[in-house]
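Participant: Got a structure for you, written out below as structure tokens; questions coming shortly.
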Amino acid sequence: MTVKYEKAKAIEKEHIIMDGVDVSGHWNRMFEQRTIFEYTPELIEKIADIPDAESFANCYQCAKCVAVCPVDVVGNYGPRKLYRYAQTGLDLTEASELWLCTTCANCLRVCPKEVNMVKIMPAAREQAILDGKFVPAELQQAFENTAKSGNPLGQPQRKRDAWIKESGVEVPIMKDLGRKVNVLWYVGSYPSYHPRGIDAASAAARIFTALGIDFAVLGKEEKDDADSQRLAGEKGLFEMMAEHNIETFNKYEWDELVVTGPHELNAFKNVYPKYGFERPVVHYTTFLARHLDQLKPLLKHPVNKKITYHDPCYLGRHNGEYEAPRQLLEAIPGVELVEMARNRQNGYCCGGGGGGMWMDSFTAKHTTMRLSEKRAMEAASTGADVLAVACPFEVSRFEDAVKSTGNEHVGVLDILELLDKSMRGE
Amino acid sequence: MSSNKVLVIGGGPAGLEAARSAAELGGEVILLEKRERLGGTPDRESYAKLTHHWRDASEAMAELATAATNNPNVEVKYQTEVKGMSGRAGNFTVDIEAGGAAESLNVGSIIIATGFQHFDPGRATQYYNYYTFPDVITLTDLEKMLKEHNVVRPSNGEAPKKIAFIQCVGSRDRQIGNEYCSKVCCGIASKQAIELRQQLPDSKVMIFYIDMRMYGYWENEIYWPAQEKYKVNYIKGVISEVLPKGNQLLIRGEDTTMSRPMEVTMDMVVLSVGMEPSAGTRAIAQTLGIQQNKYGFIEAGGDGGLDPVATSVPGVFVAGAAAGPADLDDSISRAGLAAARAVASVRKVMA
């Protein structure tokens, strides 16, 4: 009879010199402890004692979360596992695992015990930051950029409205307009600064203009919503930004706030109300779907493409909007809409949420591929020519991902860009 | 000569409820109890809190006893044992010995409510060392300590800081012969774990299990609060060795969700012992000539399996844990049905 022994995992430093002696590679090999010598309920309590993180203690190990965790699909992760790691000696506040969750909420969707990582993660991360524990450097940089420049990209505030001239239409700025508007359009940081974001912002400006919407933007007065910074643990920074934005919003008269990004939607609709801001907020897809009758006659040029749509976590699962983006795509003549296997409520996360947008290098060390790459491959497998998105984080993420996975033939376009193409022809 | 009397054997929760219900239905009841007092196993084994509304066990048992004894149609005979039976439904002659004196009773129907006993952990095939290490105790032992608010390690009288419950001791085990689930131990262990955390807030309490088999509402009433509010830790993977280590206990097993061996020291180990038929249940089955199942409990269910109080002898019914593992809800519910059937049986014969 043969007995199969499971080997312990080797821990090996690639390059290490000790006392002048090179002991790289197998010379320093250690083996991971296999036997559990202690259980640590106190480390579960440590997390569950943090306000908002109470539900961490609820896990009864059914593991429904693991199969739908986008990080587990490309690595080894999931709320159930975090609970067990804590029970067997891991202090989550000082572990790399603390920074891998994208707060996509797919685990919460299936969790029978309502273990809520969307609340646990920001609370535990805030604790880690307050205690001076490890924070990924690139995330730290995004925090500093936001604090210093008003946006995570670190771009100057005075250039926040520089994109307007590229749109080719007139975009009124509230400060100059001096009157009430129907729509206050919050452009967002990536659409204001990122080259591919600017493409979407310009398209939006042209669409709003063509529809005859009475709109204006905040221009140089607009600052980042900071919701992702909050989810990444920087509540203080979030509150500072919220205070500024709420003050700016309240300075002007407008009926409805339209946002380009789902994270901004989440911030203004679900979080800012806790800070006294309670006004109507919609994502641009919802807004434009409402104007579909006026929009359709403008979509004159066919876009003969097979298109698959990626549900942004913060538009879909977090805010329940699944249909408006699809209605807009289907309104474009020539478009054939195909679905990826994971869609709507079970949409696969691009990896950008919860601060993931600024931790790609860090996350890459703990996963076999990026979440955006996994999703790009799913998009390609539908045979689609275009991966359509509705979140400003996504265009750059997926453009990198289609390239790195050898799927350059799949174009990545914001729904705004596709509508604009159909409106103007190419 | 046919009799309209209902004989209830056993003064625990099931017997008390059967007696009260039968009397309220108009039956004339004789209740036999082997001990000098009523209340059954919860009373004899000093149960602290019941899973039902966290009620004090003595108070709840006293309430059941009073409800039976206050009924003028219930006659209680203490320190009584059944010695023999003859006759048939409607006309049984039951020989008893009450306080040393032999007596013969003529009754129309009989309800057996002789209950269960806790599994003797010395019989476990695993190496738990119950009779060797003082700090290895059972649910029953811990229940007494909880009742007295004096949970200490028997070895040194100090409060334990780390306590492990080991589930399924004597249950779900083909080798031991008890293949059934004892139904209540997951709930009782969780209940005791909550009480431990209330009485010893600095203690770490862990429950090692194969499956947590909660019982309907016990899921949300006991298991969830134990975990969520009292931070009791549940670890899948049962222990199969308890060894000495210094003045502590070393428990060994496999943590199955981690696929890793575990060797953890504990101050106290609580064996979640299951249910077996009581000596009284085994004896009464022999005396009355009632069929037992392969585990020694009274065979119940009738031909179609839908008559949970019917035994192999017409006119003889079973209530409570004499028919198999049951919690108070089950025991009392079955007692009410047994009472209804016993009274109906007498009326049919009398009519």
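Participant: Is there any pair linking a residue in segment B:121-142 that is on the phi > 0 side of the Ramachandran plot to one that is crowded, with 19+ Cβ neighbours inside 10 Å, with Cβ under 6 Å and at least six apart or on different chains, and which?
Facilitator: Close Cβ pairs satisfying both conditions: B:Asn129/B:Val136; B:Asn129/B:Val242.
Participant: Does B:Ser312 meet the test of being crowded, with 21+ Cβ neighbours inside 10 Å and among the polar types (S, T, N, Q)?
Facilitator: No: the conditions fail for B:Ser312.
Participant: Could I ask something else about it? Give segment B:159-171 a look and list any residue that's in contact (Cβ under 8 Å) with a residue 60 or more places away in the chain, over 16 Å from B:Pro277 (Cβ atoms) and not in a strand (DSSP E or B), or say none.
Facilitator: Matches in segment B:159-171: B:Pro160, B:Lys161.
Participant: Give the residue that is nearest to B:Asp327 (Cα to Cα), with candidates limited to residues of segment B:239-256 that are away from chain A (no Cβ under 13 Å) and among the small types (Gly, Ala, Ser).
Facilitator: Across segment B:239-256, the extreme among qualifying residues is B:Ser240.
Participant: Here are B:Thr132, B:Thr93: which of them is of a type outside the set (D, E, K, R) and part of a loop (DSSP other than H, G, I, E, B)?
Facilitator: Among B:Thr132, B:Thr93, only B:Thr132 is of a type outside the set (D, E, K, R) and part of a loop (DSSP other than H, G, I, E, B).
Participant: Those residues that are out of contact with any Ser or Thr (no Cβ under 7 Å at 6 or more places or on another chain) and not in a helix (DSSP H, G or I), I need them from segment B:273-295; list them, please.
Facilitator: Result: B:Glu276, B:Pro277, B:Gly289, B:Gln292, B:Asn293, B:Lys294, B:Tyr295.
Participant: Of everything in segment B:147-180, what is more than 30 Å from B:Asn293 (Cα to Cα), among the aliphatic types (A, V, I, L, M) and surrounded by fewer than 18 Cβ atoms within 10 Å (Cβ to Cβ)? Give them in sequence order.
Facilitator: Scanning segment B:147-180 gives B:Val152, B:Ala159.
Participant: Still on this structure, please answer the following. At least 3 residues that are within 23 Å of the chain's Cα centre (by Cα) in each: list the helices (runs of 4 or more DSSP H) lying fully within segment A:76-172 that qualify.
Facilitator: Output list reads A:79-87, A:106-110, A:117-130, A:137-149.
Participant: Taking segment A:52-69 on its own, how many of its residues are within 11 Å of chain B (Cβ to nearest Cβ), small (Gly, Ala, Ser) and not in a loop (DSSP other than H, G, I, E, B)?
Facilitator: Going through segment A:52-69 one residue at a time, the tally reaches 2.
Participant: Residues that are among the acidic types (Asp, Glu), surrounded by fewer than 19 Cβ atoms within 10 Å (Cβ to Cβ) and more than 14 Å from chain B (Cβ to nearest Cβ): does segment A:26-33 have at least one?
Facilitator: The answer is no; no qualifying residue exists.
Participant: Looking only at residues in segment B:96-114 that are of a type in the set (Ser, Thr, Tyr) and in a strand (DSSP E or B), which one is farthest from B:Ala323 (Cα to Cα)?
Facilitator: That would be B:Ser104.
Participant: Okay, next question. So which of B:Ala193, B:Ala189, B:Ala226 ends up being crowded, with 22+ Cβ neighbours inside 10 Å, over 20 Å from the mean Cα position of the chain (by Cα) and part of a helix (DSSP H, G or I)?
Facilitator: B:Ala226
Participant: So A:Leu184 ticks every box in (1) aliphatic (A, V, I, L, M); (2) touching a Gly at 6+ places or on another chain (Cβ under 8 Å); (3) in the same structural domain as A:Glu253 (by TED's automatic domain parsing) but one. Which box is left unticked?
Facilitator: Of (1) aliphatic (A, V, I, L, M); (2) touching a Gly at 6+ places or on another chain (Cβ under 8 Å); (3) in the same structural domain as A:Glu253 (by TED's automatic domain parsing), only one is false for A:Leu184: (2).
Participant: I've got another one for you. Here are A:Asp19, A:Asp91, A:Asp49, A:Asp72: which of them is within 13 Å of another protein chain (Cβ to nearest Cβ) and over 20 Å from B:Ile207 (Cα atoms)?
Facilitator: So the residue among A:Asp19, A:Asp91, A:Asp49, A:Asp72 that is within 13 Å of another protein chain (Cβ to nearest Cβ) and over 20 Å from B:Ile207 (Cα atoms) is A:Asp49.
Participant: Against the condition within 24 Å of A:Glu42 (Cα to Cα) and modelled with pLDDT under 95, how does A:Gly89 come out, does it pass?
Facilitator: Yes; evaluated as a whole, the condition is true for this residue.
Participant: Output the qualifying pairs, or none if there are none: Cβ atoms under 9 angstrom, residues six or more apart or on different chains, first residue in segment A:284-300 and within 13 Å of A:Gly212 (Cα to Cα), second residue among the hydroxyl-bearing types (Ser, Thr, Tyr) and surrounded by 19 or more Cβ atoms within 10 Å (Cβ to Cβ).
Facilitator: These pairs meet every condition: A:Leu298/A:Ser422.
Participant: Further, regarding this structure: Residues in segment B:274-295: is at least one away from chain A (no Cβ under 14 Å), in contact (Cβ under 8 Å) with a residue 24 or more places away in the chain and within 24 Å of B:Val152 (Cα to Cα)?
Facilitator: yes
Participant: If you check B:Lys183 against the conditions, is it surrounded by fewer than 23 Cβ atoms within 10 Å (Cβ to Cβ), on the phi > 0 side of the Ramachandran plot and touching a helix residue (DSSP H, G or I) at 6+ places or on another chain (Cβ under 9 Å)?
Facilitator: For B:Lys183, the condition - surrounded by fewer than 23 Cβ atoms within 10 Å (Cβ to Cβ), on the phi > 0 side of the Ramachandran plot and touching a helix residue (DSSP H, G or I) at 6+ places or on another chain (Cβ under 9 Å) - is met.
Participant: Considering only segment B:257-271, state which residues are modelled with pLDDT of 95 or more and more than 7 Å from every other protein chain (Cβ to nearest Cβ).
Facilitator: Passing the criteria: B:Thr265, B:Met266, B:Asp267, B:Met268, B:Val269, B:Val270, B:Leu271.
Participant: Can you tell me which residue is surrounded by the fewest Cβ atoms within 10 Å (Cβ to Cβ) among those in segment A:67-99 that are polar (S, T, N, Q) and closer than 20 Å to A:Leu371 by Cα?
Facilitator: Within segment A:67-99, the match that is surrounded by the fewest Cβ atoms within 10 Å (Cβ to Cβ) is A:Ser96.
Participant: Give me the residue from segment A:402-426 that is surrounded by 15 or more Cβ atoms within 10 Å (Cβ to Cβ) and hydroxyl-bearing (Ser, Thr, Tyr) and, out of that set, nearest to A:Ala388 (Cα to Cα).
Facilitator: It comes out as A:Ser422.
Participant: Taking segment B:193-238 on its own, how many of its residues are more than 10 Å from chain A (Cβ to nearest Cβ), more than 18 Å from B:Leu139 (Cβ to Cβ) and of a type in the set (Phe, Trp, Tyr)?
Facilitator: Residues flagged as more than 10 Å from chain A (Cβ to nearest Cβ), more than 18 Å from B:Leu139 (Cβ to Cβ) and of a type in the set (Phe, Trp, Tyr) within segment B:193-238 amount to 1.
Participant: Right, another one. Within segment A:34-46, how many residues turn out to be hydrophobic (A, V, I, L, M, F, W, C), touching a residue at least 40 places away in the same chain (Cβ under 8 Å) and at the interface with another protein chain (Cβ under 9 Å from one of its Cβ atoms)?
Facilitator: Matching residues across segment A:34-46 total 2.
The values are calculated or read from the model by the stated rules, or taken from the named source; none is laboratory data. This is a predicted model, so every value here is computed, not measured. When we count neighbours, we look across all protein chains shown, and the Cβ atoms used for this are built from the backbone with ideal geometry, even at glycine.
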